[in-house]
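First the structure, in the form of structure tokens, and then the observations on it.
The values are calculated or read from the model by the stated rules, or taken from the named source; none is laboratory data. Nothing here was measured: the structure is a model prediction, and the numbers come from that model. With ideal geometry, Cβ positions are generated from the backbone for all residues, glycine too; neighbour counts draw on all protein chains shown. Quick note on the areas: whole protein, heavy atoms, side chains included, nothing else; ligands and nucleic acids left out. Shrake-Rupley method; radii C 1.70, N 1.55, O 1.52, S 1.80 Å.
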Amino acid sequence: MKKRSSDKRPTQADVARAAGVSRPTVSMALKGSSIVSEGTRAHVREIAAKIGYVPDPMLSALAKYRSPGKVKNYQGTLAWISASPKAHSWDLITPYYEYYLGACEQAARLGYKIECIDLLQEQLSTQRLNSILAARGINGLLACPPHTYGQQIDLPWDAYHVVTFGYSIPEPNIHRVSSSHFRATKMVFEKLCEMGYHRIGFVFSEQVNIKTQEHCLSAYLCECQKTGMEHPPPLVQDPLDAEHFIAWHTRHQPDAVIVSSPLWEMLQSTAIDVPRQLGVASPMVPKHSPELCGIIEKCQEIGSAAVETLVHMIQHEDKGLPQTPRFILLEGQWNSGQTTRSQ
């Protein structure tokens, strides 16, 4: 007799969905890894107990058989460099924290560990930072994006191997790993067209527009021109609240809108019926908003790619500001969500 679906053993993927985190985060939380914050570890354990998750003994035995006590040889230490005020600590920004988790996992696989250093919270001068890095034998840096675009981060760039994420640190021009925002927006636009939307708008906060180097806006305008679609004027500004959006929506009457992720919560506070009155999609869907249609960025993979790039630089003594900076772009994954009408 076929086993009922209700009798199926809960998996780590089930825990991840219920807890609103990624599966690797669940794995590390259940192992008690310090990479995951204490609050997240407690939350994951609580959810796991609630849904009845227990480790599969067969899989655990297989894992031990495949790697019987093998530990990667220690290669060195990398530094996660941030400059965040306590009110806007970098690890409270979900994509940045996901970058960090992915970076830590990949670093461990390659025999490295990562130490966090916050220039603002620890009040470190460039000279003091140099002393700390030298004392710990660190010459590879992962530069966490600042909270605000263009925020000055003073690092001795020439003395180290450095990789950053995205474009929030505009200068100097260093190696970067990022989501492919142009491709993501292009895919969102194409999906909306396939669903039958014919007047698609674009609403972004100015800060996000700048942080993405206007790649999302550029893709939107290119697609509008390519399809010959008559479109509302893009609404890109800061601050951008519900009142601004409603006025724009009332005047231009789009049937769908492409939004930056922080604006989804704002849009939900309006009386507009989504998706009956308005389809909504984003090229950067937050992990905690799975109901939103659009592209989910592969943030942990971005963190992993940054470490791979950094270790390659260390191994090849590629130190200092690069003559030819590398831009590594990772495509995200379409999330069907519930904010557009059925195809």
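In table form, for the structure just shown:
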read-out: Percentage of interatomic Cα-Cα distances in the range 157-265 larger than 16 Å; value: 62
read-out: Cβ charges +1 (Lys, Arg) and -1 (Asp, Glu), total dipole of the range 272-343, debye; value: 220
read-out: Accessible solvent surface per residue of the chain, calculated while the other protein chains remain in place, 1.4 angstrom probe, Å²; value: 52
read-out: Difference of contour (0.36 nm per residue) and Cα-Cα distance, ASN173 to LEU221; value: 14.6 nm
read-out: Share of carbon and sulfur in the accessible heavy-atom surface of the chain [1.4 Å probe, %]; value: 50
read-out: ALA242 versus THR11: modelled label distance in nm, points set 7 Å from Cα along the beta carbon direction; value: 3.9
read-out: Of PHE327, PHE202, PHE189, the one that fluctuates the most in a GNM where the chain has Cα springs shorter than 10 Å; value: PHE327
read-out: DSSP beta bridge pairing in the chain, given as percent antiparallel to the nearest 5; value: 10
read-out: For peptides 92-98, 109-115, sequence by mean Cβ density within 10 Å, most packed first; value: 92-98, 109-115
read-out: Descending Cα extents along the principal axes, the chain, whole Å; value: 64, 61, 35
read-out: Packing rank of 258-264, 227-233, 292-298, 329-335, where each peptide gets the mean count of other beta carbons within 10 Å, highest leading; value: 292-298, 258-264, 329-335, 227-233
